[in-house]
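Let me begin by presenting the structure, written as structure tokens, before commenting on it.
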Amino acid sequence: MKASETTLASLLRGEVQFQVPLYQRTYSWTDVQLDKLWQDILEQADLIATGQTDGAAHFVGSVVLAPSPKSEATFPQWLVVDGQQRLTTLTLVLAAIRDHAPAAEPRKRERIDDLYLVNKYQDDRGYFRLLPTQADRTSYEQHIRGIHEHSDPSRIAEAYQFFANKLVEAVATGDRPRDPDHIEQAITSRLTLVSVTADREDNVHRIFESLNNTGLKLSQADLMRNYLFMRLPKTGEEVYRRHWLPLQEKLTVTELEQLMWLELVLAGESKVRQQDMYNAQQKHFSRTSQTEEVFAGYIAELNRKAALFLRVLKPLVHETDPEIAGYLDRLNQWAAETTRPTLLLLLDEHQAGRVTRDELLLSLSYIESFLVRRTLCRIPTNNLNRIFQDLPGQIPADVRMPEGIHRVLSAERRYWPDNETLRYSIRTQPFYQFGRGNQRRMVLRRIEESFQHSEPVDFERAALTIEHVLPQNPSDEWLAQLEEETLDGETVAELHSRIVHTLGNLTLSGDNAKLSNHVFARKQEILAGSHLEMNKRIAATERWGAAEITARANEISDVATSLWPAPLAGVGRVEQGRDWALLHRAVAALPRGSWTSYGDLAALVGSSSIAVGRHVVDNAAKMDKAHRVLRSDGRVADNFRWPTGSDKGDVYALLRDEGIDIPDGGLAPQSQRLTSQDLSDLLGLGETDETTTEDKDSWRDRFRSQVEAVLTDDERSRLDTVLTAWKEMGGRLSYGKGDVVSCFLELPRTDAPVIWAVVVYPNPAGVLLEVVFQHLARRVPFVDPKLRDQLRVRLNALSGVDISEAKLALRPNIKFSAISDEDQVSGLVGVLRWFVDRAVEVNG
């Protein structure tokens with residue numbers, strides 16, 4: 001076998017074909033792998049844009065090739081023994097870049113085809129540079145030919161759409177637009193592969209088996225340990241006893257690996273990624289005098305820093321100052337691992353006496369404010385790693401630490417929102433649909449603590465969850481009250497969507513089951529007895545609607561601007577206004593067979609449906625799917641017009657061609673409409689469910705009480721039959737925390753993660769069964785969209801159930817009232833049994 005380093009451009013050069021053998025699995029990369037590759041591509045594209053291409057390119061893995069029996073001297077053909085997943089993915093990204101090019105630039109599209117994707121002068125299967133395994137060929141070939149709009153759902157199609165959406169976000173929107181040519185260049189010349197070629201005499205099957213044998217790989221910490229002690233022939237035993245053993249006792253392997261990386265960052269290697277730590281550390285040592293004292297000193301320093309790092313990791317255990325521990329603990333709750341280079345620097349400087357306690361606290365307050373304000377204003381987190389890795393080396397030497405951190409984080413393009421921007425976002429943005437649940441709870445907790453109640457709540461013990469005062473699923477009485485406050489041209493449903501998830505409507509409570517979806521008068525009685533000051537203030541309000549939610553948002557804004565310091569005035573202020581970039585991303589991501597409304601987009605971006613309507617009409621030329629934005633009743637807006645020069649004919653006819661089932665003269669069906677919550681899920685904007693729990697007492701009882709309040713005796717009996725049958729299949733019931741307590745039908749698996757297909761939600765109008773395709777898309781074997789579609793088809797066989805194909809990546813609901821008799825119960829149980837059989841196949 002021969003191995004050589006190469007690039008994709010070199011590998012695909014000339015007329016050549018790479019054939020994936022039948023014994024290979026089908027394409028299976030999920031969004032996790034796709035997103036990691038995309039971030040690597042963008043990192044290299046940014047280096048190209050700034051001319052920083054002197055360093056090493058990014059290694060993405062190997063491809064192992066063997067000559068195909070069909071290979072000819074004039075047309076080389078290779079079997080892909082290993083590496084088909086990355087080759088398929090990279091060619092799909094190039095296809096997405098080709099299709100992103102304007103139609104007015106056909107030569108750019110042809111160039112990408114000719115250089116990387118097709119063999120123009122070959123016939124039949126020889127036309128394609130990469131020929132996937134048979135199960136993937138139809139979908140892949142359609143995408144390479146650019147005729148994929150009507151293709152069946154597949155992982156190939158999902159991967160292509162993933163990159164198409166990411167291109168829209170990277171090129172046309174965001175705080176740092178990228179050049180598509182730089183992205184193409186990054187893929188073809190800055191991602192390196194090792195090409196391993198076998199001879200004809202080699203046993204290809206044996207090679208494949210050897211490559212795919214599972215085994216334990218050495219961690220980077222293991223490699224570093226071996227590297228260091230090979231260089232300590234005289235003092236190794238003493239260094240191991242005095243420093244390495246205590247170090248291993250303090251930290252896990254993962255924590256030790258991160259500490260080694262942090263040491264590199266603080267030594268000035270701020271561009272090194274954690275996964276490249278081992279190689280980077282070797283290079284770093286190569287620039288020093290490699291004496292035993294150097295390596296022994298490094299290990300001793302690691303051991304000293306480990307005690308500081310433990311204060312960062314577990315402040316409530318290892319930090320003796322309660323106020324410092326409070327800041328560090330909140331940052332951990334926030335999941336702010338990106339801040340750790342700066343935190344370790346601060347604690348080290350404080351221990352050395354170069355930073356006072358007050359300076360340390362002020363520095364921590366700036367870091368917390370930077371994170372919280374950005375989240376409240378819905379600023380993406382994708383550049384936080386770079387900001388906090390660079391921060392230690394950017395602090396000016398001539399100022400004190402707090403002033404330096406304040407100045408650096410306030411600098412241009414750091415996007416630390418000022419007070420005016422913060423107030424606007426708190427009033428208008430759907431906070432509950434962005435970020436993580438633990439972050440939302442922390443914001444509300446800090447607001448409550450600011451009131452300095454004489455008998456404060458013990459948040460560590462209290463089972464508090466987020467409560468929507470105006471319910472997510474309002475009763476007719478709630479809607480009638482809101483009717484009085486709608487804007488011109490706005491429906492009451494649109495008003496509800498616009499305000500229900502804003503911070504002014506959210507609070508914390510341990511009485512979610514009691515509060516449920518009751519009218520406000522009943523909620524007042526319960527909230528008045530709360531130990532939380534914020535709830536007493538809500539209870540003191542006479543009514544609860546849009547005006548009261550805005551007034552509370554203004555009060556919270558006053559608290560927030562006091563709790564979280566502002567950036568330095570006039571430096572790096574974030575642009576105010578509605579998040580039109582998010583709107584463009586949402587429209588671009590609409591899957592085939594789906595539509596959305598102006599009101600749904602308005603609720604997503606924190607605007608009004610009128611303003612959204614104007615923006616869509618004015619910018620339709622920039623949005624290929626603008627015609628899929630309709631009125632809430634499913635009708636094309638009267639003022640919709642095709643952009644000049646791109647008339648696509650009758651809108652309703654085009655919508656039908658794109659899979660939306662509109663009868664002649666009728667409306668787009670609501671079953672194919674994506675709500676603001678669907679759009680948020682589709683874009684992965686935040687965790688909208690509270691954490692599940694195994695607490696079989698309190699949460700199960702709350703769930704049962706909510707179910708009993710909305711179901712008849714016969715309906716409860718049918719639901720009990722379904723839940724009992726689920727447990728008999730080997731499933732278990734777990735419960736969610738929220739103002740509505742959900743019940744997860746979980747299936748534990750021996751050699752795979754827990755999986756669930758259905759979540760039961762009490763609702764004012766009854767009970768909903770949520771089919772969690774979004775969750776299943778990340779769980780084997782349902783990462784395969786064809787398998788998810790089989791589940792959808794089986795559910796649709798039940799009378800009264802109609803789940804659109806467009807919802808295969810979302811969380812559509814079924815009304816439990818559709819399970820109206822014993823036959824329907826038997827049918828639903830049969831679907832669940834089919835699901836269990838498919839889900840446990842991964843174990844055997």
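The values are calculated or read from the model by the stated rules, or taken from the named source; none is laboratory data. Everything numeric here is computed off the predicted structure, so don't read it as measured data. Cβ sites come from the backbone with ideal geometry, for glycine too, and all protein chains shown count toward neighbours. All accessible areas refer to the heavy atoms of the entire protein, side chains included, with ligands and DNA or RNA removed. Shrake-Rupley method; radii C 1.70, N 1.55, O 1.52, S 1.80 Å.
Summary of computed values
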| read-out | value |
| --- | --- |
| Pairwise FRET efficiency - Asp802 versus Asp476, Cβ, R0 = 22 Å, nearest 0.05 | 0.35 |
| Added length on full extension, which subtracts the Cα-Cα distance from 0.36 nm per residue, Ser562 to Arg354 | 72.1 nm |
| Span from the the range 804-836 Cα centroid across to the the range 600-655 one, whole angstrom | 33 Å |
| Residue-by-residue Karplus 3J(HN,Hα) for the range 93-99, coefficients 6.51, -1.76, 1.60, Hz, glycine and proline x | 4, 5, 5, 5, 5, 4, 6 |
| Filtered GluC sites (Glu not before Pro), the range 453-561: DSSP coil and at most 12 other beta carbons within 10 Å | Glu460, Glu484, Glu542 |
| Filtered GluC sites (Glu not before Pro), the range 354-426: DSSP coil and at most 14 other beta carbons within 10 Å | Glu412 |
| Arg522 paired with Asp647, simple spin-label distance in nm, labels 7 Å along Cα-to-beta-carbon | 5.7 nm |
| Reference-scaled alpha-carbon Rg (2.2 N^0.38 Å with N residues) for the range 757-814 | 1.10 |
| Mean-position separation - Cα centroids, the range 531-565 and the range 420-489, in angstrom | 9 Å |
| P(r) tail fraction, the range 531-573 - alpha-carbon pairs more than 13 Å apart, % | 66 percent |
| Rg ratio (alpha-carbon, reference 2.2 N^0.38 Å) - the range 428-515 | 1.25 |
| Area projected by the alpha carbon convex hull of the range 38-190, averaged over all directions, nm² | 10.5 nm² |
| Kirkwood Rh, angstrom, the range 373-449 [1 / mean 1/r, Cα pairs] | 14.2 Å |
| Centroid-to-centroid separation of the range 665-682 and the range 275-343 [C-alpha atoms, Å] | 48 Å |
| At 0.890 mPa s and 25 °C, Stokes diffusion of the range 307-356 via Kirkwood alpha-carbon radius, µm² per second | 228 µm²/s |
| Projected-area mean, the range 692-844, by convex hull of Cα positions, square nanometres | 8.5 nm² |
| Solvent accessible area, Å² - Arg788, 1.4 Å probe, full protein context | 0 Å² |
| Pairs from Lys36/Lys166; Lys120/Lys786; Lys648/Lys807; Lys36/Lys622; Lys166/Lys625 whose Cα-Cα separation, in the structure shown, is over 20 Å | Lys120/Lys786; Lys648/Lys807; Lys36/Lys622 |
| At R0 = 51 Å, FRET efficiency that the Cβ-Cβ distance of Ala57 and Thr541 yields, to 0.05 | 0.25 |
| Descending semi-axes in whole angstrom, ellipsoid equivalent of the chain, from the Cα gyration tensor | 42, 39, 28 |
| Sites Ser817 and Arg732, calculated FRET efficiency, Cβ-Cβ separation with R0 30 Å, nearest 0.05 | 0.70 |
| Cubic angstrom per residue, convex hull over Cα atoms of the range 93-137 | 83 Å³ |
| With eigenvalues of the C-alpha gyration tensor scaled by 5 and rooted, the range 365-494, Å | 36, 21, 13 |
| CD proxy at 222 nm, helix term only [per DSSP H run n ≥ 4: -39500 (n - 2.57); per residue of the chain; nearest 500] | -14500 deg cm²/dmol |
| Heavy atoms of Val312: accessible area, 1.4 Å probe, square angstrom to 10 | 0 Å² |
| Approximate spin-label separation Asp123-Leu361, in nm, with each point projected 7 Å along Cα-to-Cβ | 8.3 nm |
